[in-house]
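A.B. asks: Here it is, the structure, as structure tokens.
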Amino acid sequence: MAKVILSLEGSVIREMNLEKERVTIGRKPQNDIQIENLAVSSEHARIITILNDSFLEDLGSTNGTLVNGNPIKKHILQNNDVIEIGKYILKYVSDPSAGQTSAEDFERTMVLRMPNAAQRTAAPERTDTMTRMVAEPPARAAAAPPPAAAGGQQAHIQILSGPGVGRELALIKNLTTLGKPGVQVAVITKRPQGYFITHVEGVNYPILNGATLDAQAHALKNHDLVEIAGVKMEFFFK
Amino acid sequence: MNRVIHQFDMASATDVGRVRAHNEDSIAVDPELGLATLADGMGGYNAGEVASGIAVAMVPAEIRKFHDSLGVRDLAEPEVREMVAAQANKVNAAIYAAAQNQANYSGMGTTLVIAYWHGDRVTIGHLGDSRCYRMRGEKIKALTRDHSWIQEQIDAGLMTYEQARTSKKKNLVTRACGIDLNVAPEVHTHDVQAGDIYVLCSDGLYDMVSDDNIHLTVSSLKSNLPLAAQQLVQQANDNGGRDNISVILVHVLKSGRTSAGLLARVKNWFK
């Protein structure tokens, strides 16, 4: 478990484990870490701990919060960070047991054997399975949506020929299909590294800047010209 | 060129992901039989691959044997469910025995999803946290309920779906094949409509790609199912690829009691 060590002018006052999700720091007694000094605001800062990560946040204090000498509003704490609040120093020490899990152990699926469901007569040498289950796997973050490609600019398609000429389409979704089902369809996929066009169906393949594509995905660049099912269109960012 | 009419369009993909050293998932599809099997193995060294490999080798072989012995007779639904449960139990016994006999394989196990289409029905048997979704119209629905600690918390009202998504105990399964001498597979039969698309997948897909994006991808690319499967794997990898990723897509083009007749025709053709 991560902890903070409070000290004043080199002498340690107290050590505190970051057990709670929120640990508040301030002058008033309701704070988890109370520092009775006028340079400290009544509610000065807080540390939010989620699993193995701790975040320090200044709560709009009068004299500010420094980490390693720099004023911060929000900061992800790293091992041995030095937090300064007035003349007081809080040293952040991360959990030494965390972060040592190898990639191989990361999030392995494990069986949790339920006492009622499990076969009670299982051979005793198999209890090693049970003890392994107790070990808590490291957290996995929720699958984050892929970051918008190309520096936050929105990709668009504009129709240049045919009945829909002039129409514009923002490529917001991860996948956008273009063309005529049953005749020719291509898909534009939005990926972290950019936008790609891939043939989906039809005898004819899409034409990119005058050249017919193969079955592979092709990266799209700003102002590329695409032709699908006889309709010309331009790919661009804006 | 004449268009060959199949009852099913099936495609699959499996990938090691971006973190793991081995792919412990195994998959098998049999469009003629109307059978899809997916297993996500667990255990040290290569034991996970062995366990999931046993599962996907045994299930199709056993179901085919069963199928052939029956001829073209239509089966009663409870019989099919019994048969699917029996396959899961056989696989369980085989993996359990292999784990007992070889020290390297001790503690190995696997999740299992079996989807077997018969007439205008599909019977799905599962163990663990691999899933089978059904896409029908604009909706995607999980037909399997995970056998996992987290699902039990949700069922008990102790946790919301959102809390579950970020929980650190996501990977604890409460039932699996090969861990214990006996196992209780969950087996259900559902109606099938032409146009349904079934998505069998391991947690490496649904943990990395939301249900909505699975639906968007498959519905957009259903005319090219292999591309849809490949795109799903790619999205899971783009989002981190923390686990092995496996997916089987089954598009039901035609449904109904004619399946037996079609099968008989196919069989005659091979004679």
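A.B. asks: Report in % the part of the accessible area of chain B that belongs to carbon and sulfur, leaving out ligands and nucleic acids; probe 1.4 Å.
C.D. replies: Percent of accessible area from carbon and sulfur atoms in chain B: 52.
A.B. asks: Now, a different point. Using a 1.4 Å probe and ignoring any ligands, DNA or RNA, find the accessible area of B:GLU49 and quote it in Å² to the nearest 10.
C.D. replies: Its heavy atoms expose roughly 60 Å² to the probe.
A.B. asks: Would you please classify the overall shape of chain B from the alpha carbon gyration tensor, given that a ≥ b ≥ c denote the square roots of the eigenvalues, rounded means a/c under 1.5, and beyond that prolate means a/b larger than b/c while oblate covers the rest?
C.D. replies: Since a/c reaches 1.5 but b/c is at least a/b, the shape of chain B is classed as oblate.
A.B. asks: So which residue, out of B:GLU138, B:GLU82, B:GLU152, gets the largest mean-square fluctuation from a GNM of chain B using Cα contacts under 10 Å as springs?
C.D. replies: Between B:GLU138, B:GLU82, B:GLU152, it is B:GLU138 that shows the largest mean-square fluctuation.
A.B. asks: Amide H neighbours of A:PHE55 under 5 Å, at least 5 residues apart or on other chains, H built in the peptide plane: list them.
C.D. replies: Under 5 Å from the amide H of A:PHE55: A:ILE48, A:THR49, A:ILE50, A:LEU77.
A.B. asks: Amide H of B:HIS118 versus every other amide H placed in the peptide plane: which residues, excluding those fewer than 5 positions away on the same chain, fall under 5 Å?
C.D. replies: Answer set, sorted by chain and number: B:THR123.
A.B. asks: Show me the trypsin sites (Lys or Arg not before Pro) within the range B:37-79 that DSSP assigns to loop and that have at most 14 other Cβ atoms within 10 Å of their Cβ.
C.D. replies: In loop regions of the range B:37-79 (DSSP not H, G, I, E or B), the sparsely surrounded trypsin sites (Lys or Arg not before Pro) are B:ARG73.
A.B. asks: Within the set A:LYS28/A:LYS74; B:LYS222/B:LYS254; A:LYS28/A:LYS87; A:LYS180/A:LYS238; A:LYS180/A:LYS232; B:LYS139/B:LYS170, which residue pairs have Cα atoms separated by over 19 Å?
C.D. replies: Those over the limit are A:LYS28/A:LYS74; A:LYS180/A:LYS238; B:LYS139/B:LYS170.
A.B. asks: At 0.36 nm per residue, and after removing the present C-alpha to C-alpha distance, how many nm does the segment from B:ASP120 to B:LEU181 gain when stretched out fully?
C.D. replies: 18.5 nm is the gain from fully extending B:ASP120 to B:LEU181.
A.B. asks: Across peptide B:33-42, what mean number of C-beta atoms from other chains lies inside 10 Å of a residue's C-beta?
C.D. replies: Partner Cβ neighbours, averaged per residue: 1.
A.B. asks: I'd like the carbon and sulfur percentage of the solvent accessible area for the range A:176-226, probe radius 1.4 Å, heavy atoms only, ligands and nucleic acids excluded.
C.D. replies: That fraction is 55 percent.
A.B. asks: Right, another one. Please find, in a Gaussian network model of chain B (springs between Cα atoms separated by less than 10 Å), the residue of B:TYR105, B:TYR161, B:TYR116 whose mean-square fluctuation is greatest.
C.D. replies: Result: B:TYR161 has the largest fluctuation of those listed.
A.B. asks: Something else about it: Non-local amide H neighbours of A:ASP224 (under 5 Å, H modeled in plane, Pro and chain starts lacking H): which ones?
C.D. replies: A:PHE235
A.B. asks: Here's a follow-up. Based on the Cβ-Cβ distance from A:ASN204 to B:TYR45, what FRET efficiency comes out when R0 is 60 Å, to the nearest 0.05?
C.D. replies: Once the sixth-power term is evaluated, E becomes 0.75.
A.B. asks: Below 8 Å, C-alpha to C-alpha, sequence gap of six or more: please give me the relative contact order for chain B in percent.
C.D. replies: Relative CO of chain B lands at 28 percent.
A.B. asks: Run the dipole for the range B:2-269 about the Cα centre, Lys and Arg Cβ at +1, Asp and Glu Cβ at -1, nothing else charged, and hand back the magnitude in debye, nearest 20.
C.D. replies: Roughly 400 debye for the range B:2-269.
A.B. asks: Another question, then. Return the residues of the range B:95-139 for which accessible area with all protein chains present is lower than in the chain on its own by 10 Å² or more; set the probe to 1.4 Å and exclude ligands, DNA and RNA.
C.D. replies: With the partner chains in place, the range B:95-139 has these residues losing at least 10 Å²: B:TYR96, B:GLN100, B:SER106, B:GLY107.
A.B. asks: Given a 1.4 Å probe, how much area per residue of the range B:2-269 is accessible, in Å²?
C.D. replies: Per residue, the range B:2-269 has 39 Å² of solvent-accessible surface.
A.B. asks: Give me the one-decimal nm value for the distance between modelled label points at B:GLU77 and A:LEU213, 7 Å along each residue's Cα-to-Cβ direction.
C.D. replies: Once both label points are built, they end up 4.5 nm from each other.
A.B. asks: Could you derive backbone 3J(HN,Hα) for the range A:180-194 from the dihedral phi with the Karplus parameters 6.51, -1.76 and 1.60 (θ = phi - 60°), listing whole Hz in sequence and x where the residue is Gly or Pro?
C.D. replies: For the range A:180-194, the Karplus curve yields 10, x, x, 10, 7, 9, 10, 10, 9, 10, 9, 10, x, 8, x Hz.
A.B. asks: Evaluate peptide B:174-184: per residue, the Cβ atoms of other protein chains within 10 Å of its Cβ; return the mean as an integer.
C.D. replies: Neighbouring Cβ atoms belonging to other protein chains average 5 per residue here.
A.B. asks: Whole-Hz ³J(HN,Hα) for each residue in the range B:247-254, computed from phi via Karplus 6.51 cos²θ - 1.76 cosθ + 1.60 with θ = phi - 60°, x for glycine and proline: what do you get?
C.D. replies: 8, 10, 10, 10, 9, 8, 8, 8
A.B. asks: Can you figure out the FRET efficiency of A:ARG22 with A:LYS87, using R₀ = 30 Å and their beta-carbon distance, to the nearest 0.05?
C.D. replies: 0.75
A.B. asks: A follow-up question, please. If you take the beta carbon distance between A:GLN34 and B:GLU162 as r and set R0 to 30 Å, what does 1/(1 + (r/R0)^6) give as a FRET efficiency, to the nearest 0.05?
C.D. replies: Result of the calculation: an efficiency of 0.30.
A.B. asks: Do any residues of the range A:175-191 lose at least 40 Å² of accessible area when the full set of protein chains is present rather than just their chain alone, and if so which, with a 1.4 Å probe?
C.D. replies: A:LEU175, A:ARG191
A.B. asks: For B:LYS65, go through the lysines and keep the ones whose alpha-carbon is under 24 Å away, minus same-chain ones fewer than eight residues off.
C.D. replies: B:LYS90, B:LYS267, B:LYS271
A.B. asks: Further, regarding this structure: Let me know the Kirkwood hydrodynamic radius for the range B:134-227, please, with Cα pairs as the basis and the value in Å to one decimal.
C.D. replies: About 15.4 Å for the range B:134-227.
A.B. asks: Return the value, in Å² to the nearest 100, of accessible area buried between chains A and B (probe 1.4 Å, both sides summed).
C.D. replies: 4100
A.B. asks: Would you be so kind as to list the residues of the range B:213-244 that have their accessible area lowered by at least 40 Å² in the full protein complex compared with their chain by itself (1.4 Å probe)?
C.D. replies: Buried-area filter returns B:LEU216, B:SER220, B:LEU221, B:SER223, B:LEU227, B:GLN231, B:GLN234, B:ASP238, B:ASN239, B:ARG242.
A.B. asks: Accessible area, 1.4 Å probe, largest first: how do B:THR166, A:THR24 sort?
C.D. replies: Most to least solvent-accessible, the answer reads B:THR166, A:THR24.
A.B. asks: What does a probe at A:LYS180 reach in the range A:199-238, counting residues whose amide N is under 12 Å from the point 7 Å along Cα→Cβ?
C.D. replies: A:228-231
The values are calculated or read from the model by the stated rules, or taken from the named source; none is laboratory data. Predicted model, so just to flag it, every value in this text is computed and none were measured. All Cβ positions, even for glycine, are placed from backbone atoms using ideal geometry, and neighbour counts span all protein chains on display. Note: accessible area is taken over every heavy atom of the protein model, side chains too, but ligands, DNA and RNA are not part of it. Shrake-Rupley method; radii C 1.70, N 1.55, O 1.52, S 1.80 Å.
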